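Engineer: Here it is, the structure in full.
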Amino acid sequence: GAPELPDVSARSWLVADARTGEVLAAHDAHRKLPPASTLKTLFALAVLPSLPGGIRHRVEPRELRGIGSGSSLVGVAEGRTYRVTDLWRGVFLSSGNDAVRVLAALNGGWRATAQRMQAKARSLGALDTRVVSPDGYDAPGQVSSAYDLAVFGRAGLRSPDFARYCATVEADFPGRGGWDYPIRNTNRLLTGADGVERYRGLIGVKNGYTSRAGHTLVAAARKGGRTLVVTVMNPREGGGFAVYEEARSLLDWGFGAAGRVEPVGSLDALRARPRPGPDPVPVAAAVAAPDPGPGWAETVTIAAAAALGGGAVALVLRVLGGRSVRGGRADRG
């Protein structure tokens, strides 16, 4: 009774249940690709808890140095005093690399922020991500994956502040001279801008674009008590708005398929699970087997394979005569 998977041109994509972490379908989900501004989801996860929104800060010239050429900006001005909550709106709505620079300075600096982001990624089991530039600007060696970005989006939705910022459509931003100007979220699935139809039930999360990464998107939507998170990285067909339409088709598929397909992995599969003693917990040992019963060995095998990558998941499903092979394909094209 599950619907057919849509035709998606993205190099990598994933559909998951945000509550359970079950991956309903994925394509090359651990492929390491430039993330563009979707990496700001990890920036927010790492920095939001230590910077309450009510803090006021006067921006110094040195805090705005080093912004990459062609960066998206919200318009942070030297010498202007901002509330931290204004800067976060600049990050989530306008994808402002200038706002990221100031928040990173408040967080201990650019390098310290990158290190904190890297540690946060590892703690969440996002092992494909390497942080070089906290704003997502193209940098040699900076990569993430559809799997990791879905992990970040899911974790962010559990934070009331993160969830509020990423779902905000419009806000006023302090300008020069004491006056404010409106800013609007650049996630077109959320706003319905530029001819892209708004997706009903969308609650975030973050879009991105660079010339190297192409278009990237982490999208989350809630319908009928179920929340899905979808990642789409670098569609190869359909132009600049294809990332939104492919995310839309995957969300539609996910809501139609939920409860009708066997999960092909888990967003928790690689998450660190500490135990008493000095030795780290091997990934295989972190997979808990349910009570013995029909099919339990199959479940554990699939979960363990998920920790090894999407290709392993697809392989195990084929060996077991899996009931959702197409849903779990992980081609390496």
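Engineer: State whether one or more residues within the stretch 82-90 are modelled with pLDDT of 95 or more, touching a helix residue (DSSP H, G or I) at 6+ places or on another chain (Cβ under 9 Å), over 24 Å from Tyr209 (Cβ atoms) and of a type in the set (Ser, Thr, Tyr). It would help to see each step written out before you state the result.
Structural biologist: Going residue by residue through the stretch 82-90, those that are modelled with pLDDT of 95 or more are 82-90.
Subsequent filtering for residues that are touching a helix residue (DSSP H, G or I) at 6+ places or on another chain (Cβ under 9 Å) retains 82, 84-90.
Among the residues that remain, those that are also over 24 Å from Tyr209 (Cβ atoms) are: 82, 84-85.
Keeping just the survivors that are of a type in the set (Ser, Thr, Tyr) gives 82, 85.
Looking for residues that are modelled with pLDDT of 95 or more, touching a helix residue (DSSP H, G or I) at 6+ places or on another chain (Cβ under 9 Å), over 24 Å from Tyr209 (Cβ atoms) and of a type in the set (Ser, Thr, Tyr), one finds at least one in the stretch 82-90, hence yes.
Engineer: Looking only at the stretch 156-163, decide whether some residue is open to solvent by 10 Å² or more (accessible area, probe 1.4 Å), free of Cβ contacts under 8 Å to residues at least 24 places away in the same chain and closer than 29 Å to Arg62 by Cβ. Before you say what the answer is, go through the steps one by one.
Structural biologist: Start the filter on the stretch 156-163 by keeping residues that are open to solvent by 10 Å² or more (accessible area, probe 1.4 Å), which leaves 157-161, 163.
Going one step further and asking which of them are free of Cβ contacts under 8 Å to residues at least 24 places away in the same chain, we end up with 158, 160.
Applying the additional criterion that residues be closer than 29 Å to Arg62 by Cβ yields none.
Among the residues of the stretch 156-163, not one is open to solvent by 10 Å² or more (accessible area, probe 1.4 Å), free of Cβ contacts under 8 Å to residues at least 24 places away in the same chain and closer than 29 Å to Arg62 by Cβ, which makes the answer no.
Engineer: Continuing with this model, one more query. I'm trying to understand the selection: among the residues of the stretch 215-236, which are open to solvent by 10 Å² or more (accessible area, probe 1.4 Å) and closer than 19 Å to Ala26 by Cβ?
Structural biologist: His215, Arg226, Thr227, Asn234, Pro235, Arg236
Engineer: Please specify each residue of the stretch 173-189 satisfying the condition of being acidic (Asp, Glu) and either closer than 15 Å to Thr41 by Cβ or within 25 Å of the chain's Cα centre (by Cα) (or both).
Structural biologist: Selection gives nothing.
Engineer: Tell me which of these Ala150 doesn't satisfy, since it passes every other one: (1) assigned to a loop (DSSP other than H, G, I, E, B); (2) under 16 Å from Lys32 (Cβ atoms).
Structural biologist: Failed condition: (1).
Engineer: Test Gly96 against the criterion of being open to solvent by 50 Å² or more (accessible area, probe 1.4 Å), among the small types (Gly, Ala, Ser) and touching a Ser or Thr at 6+ places or on another chain (Cβ under 9 Å), and give yes or no.
Structural biologist: In short, no.
Engineer: Tell me which residues, restricted to the stretch 222-243, are under 26 Å from Asp135 (Cβ atoms) and either part of a strand (DSSP E or B) or not charged (D, E, K, R) (or both).
Structural biologist: Residues of the stretch 222-243 that are under 26 Å from Asp135 (Cβ atoms), as a first pass: 229-236, 239-243.
Matches in the stretch 222-243: Val229, Val230, Thr231, Val232, Met233, Asn234, Pro235, Gly239, Gly240, Phe241, Ala242, Val243.
Engineer: Show the residue pairs that are 6+ apart or on different chains and have beta-carbon atoms under 9 Å apart, the first residue being within the stretch 208-224 and under 15 Å from Glu245 (Cβ atoms), the second being of a type in the set (Lys, Arg) and at pLDDT 95 or above.
Structural biologist: Gly214/Arg11; Gly214/Arg236; Thr216/Lys206; Leu217/Lys206; Ala219/Lys206; Ala219/Arg248; Ala221/Arg200
Engineer: Going through the stretch 184-206 one residue at a time, which ones are open to solvent by 10 Å² or more (accessible area, probe 1.4 Å), closer than 16 Å to Thr216 by Cβ and free of Cβ contacts under 8 Å to residues at least 40 places away in the same chain?
Structural biologist: none
Engineer: Please indicate, with yes or no, whether at least one residue in the stretch 98-109 is at pLDDT 95 or above, outside any helix (DSSP H, G or I) and under 20 Å from Ser211 (Cα atoms). Give the steps one after another, and end with the answer.
Structural biologist: Kept after step one, since they are at pLDDT 95 or above, are these residues of the stretch 98-109: 98-109.
Filter once more, so that each one left must be outside any helix (DSSP H, G or I): 107-109.
Narrowing further to those that are under 20 Å from Ser211 (Cα atoms): none.
Looking for residues that are at pLDDT 95 or above, outside any helix (DSSP H, G or I) and under 20 Å from Ser211 (Cα atoms), one finds none in the stretch 98-109, hence no.
Engineer: Among the residues of the stretch 122-133, are any under 24 Å from Ser12 (Cα atoms), among the small types (Gly, Ala, Ser), touching a residue at least 24 places away in the same chain (Cβ under 8 Å) and part of a helix (DSSP H, G or I)?
Structural biologist: yes
Engineer: Right, another one. With respect to Thr41, is the statement that it is out of contact with any strand residue (DSSP E or B) (no Cβ under 9 Å at 6 or more places or on another chain), among the hydroxyl-bearing types (Ser, Thr, Tyr) and either closer than 26 Å to Pro160 by Cβ or not in a helix (DSSP H, G or I) (or both) true?
Structural biologist: Criteria not met by Thr41.
Engineer: Out of the residues in the stretch 251-281 meeting the condition of being at pLDDT 95 or above and aliphatic (A, V, I, L, M), tell me which one is surrounded by the most Cβ atoms within 10 Å (Cβ to Cβ).
Structural biologist: Val264
Engineer: Can you tell which of Ser123, Ser133 is open to solvent by less than 20 Å² (accessible area, probe 1.4 Å) and among the small types (Gly, Ala, Ser)?
Structural biologist: When all the criteria are applied, what remains is Ser133.
Engineer: Let me ask something else. State all residues of the stretch 173-215 that are under 21 Å from Trp13 (Cα atoms), touching a Leu at 6+ places or on another chain (Cβ under 9 Å) and among the β-branched types (Val, Ile, Thr); if no residue qualifies, say none.
Structural biologist: Those that are under 21 Å from Trp13 (Cα atoms), touching a Leu at 6+ places or on another chain (Cβ under 9 Å) and among the β-branched types (Val, Ile, Thr): Thr186, Val196, Ile203, Val205.
Engineer: Find the residue count for the stretch 159-218, including only residues that are in a loop (DSSP other than H, G, I, E, B) and not basic (Lys, Arg).
Structural biologist: Number satisfying all stated conditions: 16.
The values are calculated or read from the model by the stated rules, or taken from the named source; none is laboratory data. It should be emphasised that the depicted structure is a prediction, and the values quoted were computed from it without experimental measurement. Reconstructed Cβ throughout: ideal geometry from the backbone, glycine too, with neighbour counts over all protein chains shown. When the accessible area is computed, the model is the full protein with side chains, heavy atoms only, and any ligands, DNA or RNA have been set aside. Shrake-Rupley method; radii C 1.70, N 1.55, O 1.52, S 1.80 Å.
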